[in-house]
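Some notes on the structure that comes next.
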Amino acid sequence: MSTATLAPEEPEVRTPPPAPEGRRPNRAVIVAGILIVFAVVATLLNGKDTRPLARSDLTGFQDWLGELSDKLESARDSSAILQGLGHISDALDSVAQFLAELVSEPAFPRPVPEIGWLGVIAVAVWIALAVAGWRMAVLTGVSFAAFGLFGFWTESMETLIVTFMSVAICLVIGIPVGIWMGRSRRATSVLTPILDGLQTLPSFVYLLPITLFFSIGVAAAVIVTLIYALPPVIRISAHGIRSVSQETIEAMQSLGTSRSQMLRKVQLPMAKRTIIVGVNQTIMAALSMATIAAFIDGPGLGKPVIKALESLDVGRAATAGLCIVIMAIMLDRVTTAASIRSEAIPTPHGRRNRWIGLAASGVAAIVCVVLSRQYLDLAEFPDKPDLGRPFAEGADSVSVWLSDNAAAVTGAIKDAITYGLLNPLQELIAQSPWWLVAIVLIGLSYVIGGLRSLITTIVCIGVILGVGLWQDSMVTLTMTLVATILTMILALVLGVWMAQSRRVDLVLRPVLDAAQVVPPFVYLVPALALFDPTRFTAIVAGIVYASPVAIKLVCDAIRDVSPTVIEAAESAGSSRWQIITKVQLPMARKGIQLAANQGMLYVFAMVVIGGLVGAGALGYLVYAGFTQAELFGKGLAAGIAIVALAIMLDRMAQGTSARRARTGT
């Protein structure tokens with residue numbers, strides 16, 4: 001039987017609305033999709049193809065690096081290049097020895113230095129008075145006295161010697177190069193990627209390669225310090241030269257001024273304050289590296305800190321760390337004051353009084369130098385009063401009290417972060433198949449950072465696989481991600497609070513400014529006292545180290561939001577919370593992203609150093625390369641992996657910023 005059926009009515013065809021021009025898929029949705037798929041597949045394949053490497057095992061590449069080190073060491077007397085480097089090393093050793101005998105070590109046949117502690121303090125005070133004024137002279141005198149009173153006079157002088165030798169070479173090289181960059185676009189385009197690379201790398205990874213060519217000791221410490229401290233003075237000097245008003249330059253050119261006259265009479269005088277800021281940044285970077293150079297037998301305050309951390313002697317580590325903090329604050333404040341003073345125009349009366357004061361204080365300094373050469377008590381810093389012992393005992397007591405009374409709180413915090421975030425994330429990243437994690441990283445880099453980030457990520461992943469430390473690299477990456485997340489939470493809370501309240505800003509900003517000048521090494525001490533040697537200790541130190549810069553960037557970004565927009569939101573009846581979440585934070589997104597980028601690099605630098613206090617992974621392998629000759633190649637391979645990770649993370653973040661700048665989103 002057949003049946004007749006009516007043909008169904010044609011459905012009404014509706015033309016879809018045209019897609020908005022330039023509409024693109026939502027990147028956040030794509031990223032979320034990649035992460036969800038990754039989590040599902042990683043759970044199914046957990047523990048497979050993770051490429052682990054036992055602590056004592058070596059790959060062929062790591063063996064080759066160790067053999068390369070041995071070959072360079074054996075060829076040190078026959079290779080012309082190594083002999084040339086040896087002459088540089090000998091010259092630096094000679095200068096350092098001369099300066100040490102001048103201010104801190106016995107100068108044979110004298111049983112004491114050429115200039116005793118009284119003369120050294122007097123000369124330092126006079127220099128500070130000349131360049132930065134009487135307040136900084138007082139600060140300098142108190143700081144130098146503190147070095148001796150806390151029992152670290154010799155170590156402090158050694159640190160200053162390494163720092164100032166490095167800074168002197170940096171200035172001789174850096175300022176001319178900065179001027180060149182400031183006047184030449186071609187030089188800028190060539191040198192900028194090199195400086196970017198140097199400033200991206202954690203300080204820890206500079207050490208082992210330097211020992212290949214300069215062995216260990218004072219010369220290696222000076223070389224590694226100057227390489228680390230060189231980029232700031234080049235960049236900031238170039239910025240100072242470029243910042244000179246174009247109208248001023250054109251006016252001088254119309255008067256027939258030559259390029260040389262333009263530099264000497266216009267650009268350098270007008271850029272003087274900026275260049276001094278560059279000197280300040282170079283000094284702070286040099287001090288930071290000079291303390292870490294203790295890993296390659298560099299003299300100074302870094303050695304007692306390392307020994308104390310190795311033996312968990314919190315009191316001695318805190319005392320030496322306090323001297324480093326005092327030195328950092330002194331150097332920062334004096335150079336900052338010198339920068340401000342460089343633009344002051346004194347009256348004739350003031351100029352005359354200044355010269356009289358400098359002459360009188362100069363005579364007094366000379367008298368102190370002479371006295372310190374003649375009297376033993378004025379040459380060797382006295383043992384009494386000793387502030388170091390009670391301070392160390394106090395720090396130990398605080399550490400013990402915290403262990404006895406605050407262990408429940410610190411333990412709860414540590415367990416919450418470790419079991420709630422760190423372990424699950426590490427299980428996901430480090431225990432998943434390497435190829436799966438690599439695909440996810442490549443995909444994320446393309447979505448977040450674009451094509452350049454994609455290419456960089458592929459190369460960096462290839463390097464990490466090539467050095468044979470995939471799983472350790474993923475553990476380090478996990479700690480960095482956890483610490484960065486916590487840093488940004490803290491930065492958003494405190495940064496928004498500072499931006500909303502001038503009173504809070506007045507209280508917190510000086511603290512953050514002071515915290516930024518402290519070398520990273522020092523942050524390990526309080527973290528160790530609170531949380532004992534674990535991965536979490538390095539994470540806490542990383543958060544504390546990275547937070548000041550991240551908080552200030554978030555605060556400044558929110559403050560930059562147009563007041564007109566905020567007033568419009570207020571007139572529309574928006575509450576304070578709505579203005580923050582729907583106006584200020586979205587409009588400050590670029591600055592917040594910069595804070596995340598900088599915070600991540602700071603965290604990464606500290607997590608690597610944290611290998612000294614139980615963080616393990618790549619940082620520990622680098623440290624093991626210093627202390628165990630058979631693991632030198634593996635430590636050097638870990639340094640290469642750290643470089644690859646740092647570049648990959650930095651380019652991914654920079655790619656995001658560049659894409660937002662292009663698209664205006």
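Charges only on Cβ, +1 for Lys and Arg, -1 for Asp and Glu: so what's the dipole of the chain about the Cα centre, in debye to the nearest 20? List each step's numbers first, then the result.
Values: 49 positive and 45 negative charges, 522 e Å.
The calculation lands at about 2500 debye.
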Next item on the list: Mind jotting down a quarter of the surface of the convex hull over the alpha carbons of segment 378-439, in square nanometres, one decimal?
Entry: 9.0
Check: Taking the Cβ of Ala54 as the center, what net charge do the other residues with Cβ under 15 Å away carry, scoring Lys and Arg +1 and Asp and Glu -1?
Finding: -1
Next item on the list: May I ask you to order 244-257, 198-211 by the average number of other C-beta atoms within 10 Å around their residues, highest value first?
Entry: 198-211, 244-257
Note to self: Modelling each spin label as a point 7 Å along the Cα-to-Cβ direction, I'd like the Arg183/Ala130 distance in nm, to one decimal.
What the structure shows: 2.8
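Please work out the Cα convex hull volume for segment 147-275 and give it in Å³ per residue. Mind showing how you got there, number by number?
Numbers: hull volume 17.7 nm³, N = 129.
So the per-residue hull volume is 137 Å³.
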Check: When the C-alpha atoms of segment 234-390 are aligned to their principal axes, what extent does each axis show, in angstrom, from largest down?
Finding: 67, 40, 23
Notebook entry, point to check: Using a simple charge model, +1 on the beta-carbon of Lys and Arg, -1 on the beta-carbon of Asp and Glu, nothing else, what dipole does segment 220-293 show about its Cα centre, in debye to the nearest 20?
Noted result: 120
Check: Which of the lysines could be linked to Lys590 by a straight reach, that is with a Cα gap under 17 Å, when you skip same-chain ones fewer than 8 residues away?
Finding: Lys552, Lys582
Note to self: Taking the square root of 5 times each eigenvalue of the Cα gyration tensor, what semi-axes in Å does the equivalent ellipsoid of segment 537-665 have, largest first?
What the structure shows: 41, 16, 8
Note to self: Quick check: Cα centre of segment 377-454 to Cα centre of segment 455-518, how many Å?
What the structure shows: 12
Checklist line | Among Pro304, Met270, Ala294 - extreme Cα towards positive end, dipole of segment 256-313, charges at beta-carbon | finding: Met270
Notebook entry, point to check: Just for the Cα atoms in segment 407-472, what are the lengths along the principal axes, largest first, rounded to whole Å?
Noted result: 48, 27, 16
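Using the beta-carbon distance between Ala32 and Asp63 and R0 = 41 Å, what value does 1/(1 + (r/R0)^6) give for FRET efficiency, to the nearest 0.05?
On the way: r = 43 Å, r/R0 = 1.04.
Computed FRET efficiency for Ala32 and Asp63: 0.45.
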Next item on the list: Express the carbon and sulfur contribution to the solvent-accessible surface of segment 168-313 as a percent, rounded to the nearest whole number, probe 1.4 angstrom.
Entry: 61
Margin query: In Å², and per residue, what accessible area does the chain have when probed at 1.4 Å with the other protein chains present?
Written below: 49
Checklist line | Mean ellipticity per residue at 222 nm, deg cm²/dmol - from DSSP H runs of n ≥ 4 across the chain, formula -39500 (n - 2.57) | finding: -25000 deg cm²/dmol
Notebook entry, point to check: Alpha carbon centre of segment 245-313 versus segment 594-608: separation in Å?
Noted result: 22
Check: Among the aspartates and glutamates, which fall within straight-line cross-link reach of Lys303, defined as a Cα-Cα distance under 14 Å, with same-chain neighbours fewer than 8 residues apart omitted?
Finding: Glu155, Glu158, Asp313
Check: Around Phe536, with a cut-off of 10 angstrom between Cβ atoms, what is the net charge of the other residues, counting Lys and Arg +1 and Asp and Glu -1?
Finding: 0
Margin query: Students often forget the sequence filter, so: which aspartates and glutamates lie under 20 Å Cα-Cα from Lys48 once same-chain residues fewer than 8 apart are removed?
Written below: Asp57, Glu427, Asp472
Notebook entry, point to check: Which is farthest toward the positive dipole end of the chain among His239, Tyr523, Ala32, measuring Cα position about the Cα centre, with Cβ charges +1 (Lys, Arg) and -1 (Asp, Glu)?
Noted result: His239
Notebook entry, point to check: Which order do peptides 259-266, 571-578 fall in by mean Cβ count within 10 Å, highest first?
Noted result: 259-266, 571-578
Check: How large is the dipole of segment 80-176 about the Cα centre if only Lys and Arg carry +1 and Asp and Glu carry -1, each at its Cβ, rounded to the nearest 20 debye?
Finding: 360
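So if we plug the beta-carbon distance of Val95 and Asp297 into 1/(1 + (r/R0)^6) with R0 = 22 Å, what FRET efficiency do we get, rounded to 0.05? Walk me through the intermediate numbers first.
Details: r = 17 Å, r/R0 = 0.78.
For R0 = 22 Å, the calculated efficiency reads 0.80.
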Next item on the list: Starting from the Cα of Ser562, step 7 Å along the direction of its Cβ; do the same at Leu44; then give the gap between the two resulting points in nm.
Entry: 5.0
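Suppose the chain between Leu102 and Ile442 were pulled fully straight at 0.36 nm per residue; how much longer would it get relative to their current alpha carbon spacing?
The span from Leu102 to Ile442 would gain 116.8 nm if fully extended.
Give me the number: length gained by fully extending Gln246 to Glu630, i.e. 0.36 nm times residue separation minus the C-alpha to C-alpha distance, one decimal in nm.
132.4 nm
Calculate what fraction, in whole %, of the accessible area of segment 315-405 sits on carbon and sulfur atoms when a 1.4 Å probe is rolled over the protein chains.
Working: 3550 of 5450 Å².
Answer for segment 315-405: carbon and sulfur cover 65 percent of the accessible area.
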Check: Of Pro510, Gly182, Trp401, which is farthest along the charge dipole of the chain in the positive direction, counting Lys and Arg as +1 and Asp and Glu as -1 at C-beta?
Finding: Gly182
Note to self: Could you work out the relative contact order of the chain? I mean the mean sequence separation of Cα pairs under 8 Å and 6+ apart, divided by the number of residues, in percent.
What the structure shows: 20
Note to self: Between Ala344 and Asp196, what is 0.36 nm times their sequence separation minus the Cα-Cα distance? Round to one decimal in nm.
What the structure shows: 49.9 nm
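The values are calculated or read from the model by the stated rules, or taken from the named source; none is laboratory data. All figures in this text were calculated on a predicted structure; none of them were measured in a lab. Glycine also receives a Cβ, built like all others from the backbone with ideal geometry; neighbour counts cover every protein chain displayed. Areas reflect the complete protein model, heavy atoms only, side chains present, ligands, DNA and RNA absent. Shrake-Rupley method; radii C 1.70, N 1.55, O 1.52, S 1.80 Å.
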